[in-house]
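First up is the structure itself, then whatever we jot down about it.
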Amino acid sequence: MTLSIGIAGAGLVGRLFAWALGRAGHRVEVFEAGPGPEPRFDGQGAAAFSAAGMLSPLAELDAAEPEVAVRGFESLRLWPLIAARLPGPPTLKMNDSLLLAHRQDLGAAERVLARLQVSGFPAAHSLSEAKLAALEPALLRGLRAWRLPGEGFINPVEAMAAMQQDGKAHWHWGRPVSAVEPGRLRLADGNDLNFDWVIDARGLGAKPQLPLRGVRGEVITLSLAAHGLRRPVRLLHPRQRVYLVPRSHDQLVLGASEIESEDRSPVSLQSAVELMAAAHSVMPALAESRISRLDVNLRPALNDNRPFAHSQPGLLQLNGLYRHGWLLAPALVQELLLASGLANLETL
C-alpha cells in the first residue's frame, strides 16, 4: 500500500529514509532547513558531509558500548546492498582497516587493544613489519600494527548525493520544520502538513524537543597524487584518536578532534598542527601533500552518547548518532523500517 510520508531533515538519516521509502513505492516529501542538497563545508550543513565515512565497529569498542559494534557489523552487511542500488555507485571499500602505534606508545596501544577483545567479535590480528610493508608500503617502517577484519569506509559526499539524486522523493529546500508529531509536520513558516507517517531526522534541529548537544569535530582534507595508502588507518595516539582515510587515489581525509563545544568557528591551529603532525609521523609522504580543506561541524549527541530511535503509529524518530553516523545509520534505519512495516532495506 502506498502511503504519504513527510521527512524532517535531509542529513544522512533523512536521505537514507527518503531513498528507502521512495524505492518501496511510498510518496515521500523531505523538508530541510538548508538551501540545497550540496555540501556547504561552512560548519552549518549536514554533519554527514564532514565525516570521513569510516565503517569501523571493532575499533569503536575503544570508547563505545558493545551495542555500537553489534549494530555496526549489521551496517557492514547492509551497506553493500544499499550502495549497489545507488546511482554511481558511491565508493565503498571493505578491505579491513589498520591500527598503528609507535613503539614508544606500545603501552597505550595495548590498553586500547584489550578493550577491543570482546567475546563474539572478530579479533585484531598483529602484523609483522614485513606484512605491514606488503599491505601498506606508504607507511613508515618500524610501526606496530594490527589488522581489523571486515572494516572499511564509504565516501560520504558521493553517497549523500546518490541518495538525494535517486529521484523518488520530493525535496523542499529552505523549509525548516519547527515541530514534529504523529502524522504531522509543523513548518517554521506556520504551515501544518499532514501525512500518513512522519519521520524526524533533524539532527540538532530537533532541539529542544530532544535534549541534544553538539560535539565539535574538525577534519582536514589532503591532496597528494598517487599517495599509495590503500585502507583506513588509526594511530593509537596517547592524547587523541587520529585516523587517515584514503578517499581516492589522490585525496585523503584526516581527523578527527572531538571537542565538547558547539562552537562552529574555523579549525584551530592547535588541532590542525596536532592532527597533521600525527599523520605525518606514520606516513612520511604527507610532507608533500596539500591542504585542500579544513572542515568543522557539530555531531548531534545525547547525554549518554547513545542513539535515540523511537517508533509509534504515524511517527519515527532517529537522532543522536554522535560520532557513529555512517557506521550506525543503516542498522538503525532498518530497525525502524521493520518496526513500522514501511520497508525493508534488504528487499528494495
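Under the condition of being modelled with pLDDT of 95 or more and not in a loop (DSSP other than H, G, I, E, B), which residue from segment 248-268 is surrounded by the fewest Cβ atoms within 10 Å (Cβ to Cβ)? So, considering only residues that are modelled with pLDDT of 95 or more and not in a loop (DSSP other than H, G, I, E, B), the one surrounded by the fewest Cβ atoms within 10 Å (Cβ to Cβ) is Gln251. Against the condition over 30 Å from Val177 (Cβ atoms) and modelled with pLDDT of 95 or more, how does Pro90 come out, does it pass? Here the answer is no, as Pro90 does not meet what is asked. Residues in segment 15-72 that are within 17 Å of the chain's Cα centre (by Cα) and among the aliphatic types (A, V, I, L, M): 16 in all.
With the requirement that a residue be open to solvent by less than 40 Å² (accessible area, probe 1.4 Å) and either part of a loop (DSSP other than H, G, I, E, B) or under 15 Å from Ala272 (Cβ atoms) (or both), what does segment 211-222 give you?
Filtering segment 211-222 for residues open to solvent by less than 40 Å² (accessible area, probe 1.4 Å) gives 212, 214-222.
Passing the criteria: Leu212, Arg216, Gly217, Glu218, Val219, Ile220, Thr221, Leu222.
Within segment 157-168, residues that are basic (Lys, Arg) sit with their Cβ atoms under 6 Å from residues that are part of a helix (DSSP H, G or I) and buried (at least 20 other Cβ atoms within 10 Å of the Cβ), at 6+ positions apart or across chains, in these pairs: Lys168/Gly22.
Evaluate the following for Arg306: is it over 27 Å from Gly14 (Cα atoms), part of a loop (DSSP other than H, G, I, E, B) and among the basic types (Lys, Arg)? Taking the combined requirement at face value, the residue does not satisfy it. Candidates are the residues of segment 121-148 that are in contact (Cβ under 8 Å) with a residue 40 or more places away in the chain and open to solvent by 40 Å² or more (accessible area, probe 1.4 Å); the one that is farthest from Pro330 (Cα to Cα) is Leu140. Scanning segment 298-347 for residues that are open to solvent by less than 40 Å² (accessible area, probe 1.4 Å), over 14 Å from the mean Cα position of the chain (by Cα) and within 19 Å of Ala20 (Cβ to Cβ) yields Gly314, Leu315, Leu316, Gln317, Leu318, Gln334, Leu336, Leu337, Ser340, Leu342, Ala343, Leu345. In segment 12-29, which residue that is in contact with a Leu (Cβ under 7 Å, 6 or more places away or on another chain) and in a helix (DSSP H, G or I) is nearest to Gly53 (Cα to Cα)? Among them, the one singled out is Val13.
When you scan segment 223-235, how many residues do you find that are part of a strand (DSSP E or B) and either surrounded by 21 or more Cβ atoms within 10 Å (Cβ to Cβ) or charged (D, E, K, R) (or both)? Number satisfying all stated conditions: 3. Screening the candidates Gly190, Gly174 for the property of being open to solvent by 20 Å² or more (accessible area, probe 1.4 Å), free of Cβ contacts under 8 Å to residues at least 40 places away in the same chain and either over 30 Å from Leu127 (Cβ atoms) or polar (S, T, N, Q) (or both) yields one hit, Gly190. Screening Pro208, Pro238 for residues that are more than 22 Å from Ala48 (Cβ to Cβ), free of Cβ contacts under 8 Å to residues at least 12 places away in the same chain and in a loop (DSSP other than H, G, I, E, B) leaves exactly one candidate, Pro208. The one condition from (1) farther than 24 Å from Leu92 by Cβ; (2) of a type outside the set (Asp, Glu); (3) touching a Pro at 6+ places or on another chain (Cβ under 6 Å) that Pro266 does not meet is (3).
Looking at segment 42-57 only, could you name the residues that are in a loop (DSSP other than H, G, I, E, B) and open to solvent by 20 Å² or more (accessible area, probe 1.4 Å)?
First, the residues of segment 42-57 that are in a loop (DSSP other than H, G, I, E, B): 42-46, 51-53, 56-57.
Passing the criteria: Asp42, Gln44, Gly45, Ala46, Ala51.
Whenever a residue of segment 27-40 is farther than 16 Å from Ala159 by Cα, its partners that are surrounded by fewer than 19 Cβ atoms within 10 Å (Cβ to Cβ) and of a type in the set (S, T, N, Q), lying with C-beta atoms within less than 6 angstrom and at least six residues away or across chains, give the pairs Arg27/Ser4. Looking across segment 279-297 at every residue that is assigned to a strand (DSSP E or B) and of a type in the set (A, V, I, L, M), the one that is nearest to the chain's Cα centre (by Cα) is identified as Val296.
Among the residues making up segment 185-222, those that are more than 21 Å from Ser261 (Cβ to Cβ) and within 21 Å of the chain's Cα centre (by Cα) are Ile199, Asp200, Ala201, Thr221, Leu222. Considering segment 315-332, and only residues there that are part of a helix (DSSP H, G or I), of a type in the set (A, V, I, L, M, F, W, C) and in contact with a strand residue (DSSP E or B) (Cβ under 7 Å, 6 or more places away or on another chain), the residue that is farthest from Met160 (Cα to Cα) turns out to be Leu332.
Considering only residues of segment 85-112 that are part of a helix (DSSP H, G or I) and touching a residue at least 40 places away in the same chain (Cβ under 8 Å), which is farthest from Glu65 (Cα to Cα)? Spell out how you get there, then give the answer.
Here is the first cut: in segment 85-112, the residues part of a helix (DSSP H, G or I) are 85, 103-112.
This time we only want the ones that are touching a residue at least 40 places away in the same chain (Cβ under 8 Å), so: 85, 103, 105, 108-109, 112.
Details: Arg85: 31, Arg103: 28, Asp105: 24, Ala108: 20, Ala109: 19, Val112: 14 Å.
Ranking the qualifying residues of segment 85-112, first place goes to Arg85.
The values are calculated or read from the model by the stated rules, or taken from the named source; none is laboratory data. Computed from a predicted structure; not experimentally measured. For neighbour counting, all protein chains shown are included, and Cβ atoms are generated from backbone atoms with ideal geometry for every residue, glycine included. SASA here: full protein model, heavy atoms, side chains in, ligands and nucleic acids out. Shrake-Rupley method; radii C 1.70, N 1.55, O 1.52, S 1.80 Å.
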